[in-house]
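The values are calculated or read from the model by the stated rules, or taken from the named source; none is laboratory data. The model shown is predicted, which means the values in this text are computed figures rather than measured ones. Every residue, glycine as well, gets a Cβ built from its backbone with ideal geometry; the counts of neighbours run over all protein chains shown. Surface areas here come from the heavy atoms of the whole protein model, side chains and all, with no ligands, DNA or RNA. Shrake-Rupley method; radii C 1.70, N 1.55, O 1.52, S 1.80 Å.
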Amino acid sequence: TSAGVRVTTGGWPLSLQTTATDLKALSNGGFILCSTGTDVVRTYNSAGTQLYTVSSGIGATTDAMSCDVSGNGSGTVAVAWNGTTDTIRVYADSTLATVRWSYSNTTLMPNPVALAYRPNGNLLVVDGTYFAIYEFDTLGNLIATYSDAFIQGATSIRVVP
């Protein structure tokens, strides 16, 4: 809870313990969970009940390596899908029903491992092969590439406002 009290409702599925890759809070008190496997992005309400789920739908690309929610947990949901056809996909909201935009370029970004929204709504994506951070605008256009020796080995990213 917001008071720091642990609340447990029911049992946590073992599959989420062993395959989960990222967890982000939603503004309604729920959360979104990304994991590896065939049923890989799920949203839950504040009581821990699963509401929505989506897989990549991209052949041989079944691992959701990272996810984030824009607008302080109330906006679009971004997922870094990793596999044969690495893809960044942004969903309109936490129902995961509508794709706003997708980006896939395995020559430029062959291993998306983490992502995070900037306060302006742009999306930052870390690539684990080329050790670069790519920035996309709210329409899915690649607008900048940041590369530095300090990025090498990065597996997560957080934006500090």
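General observations
- Segment 102-161 versus segment 85-100: alpha-carbon centroid distance in Å: 16
- Considering only trypsin sites (Lys or Arg not before Pro) in DSSP loops that have at most 13 other Cβ atoms within 10 Å, the longest stretch of the chain without any of them is 7-157.
- Accessible-area ranking of F136, F150, F31, largest first, probe 1.4 Å: F150, F31, F136
- GNM remark for the chain: springs join alpha carbons under 10 Å apart, and the peak mean-square fluctuation among V54, V41, V90 falls on V54.
- Per residue, the accessible area of segment 118-161 comes to 62 Å², computed with a 1.4 Å probe over protein heavy atoms only.
- Portion, in percent, of the accessible area of the chain that falls on carbon or sulfur, probe 1.4 Å: 52
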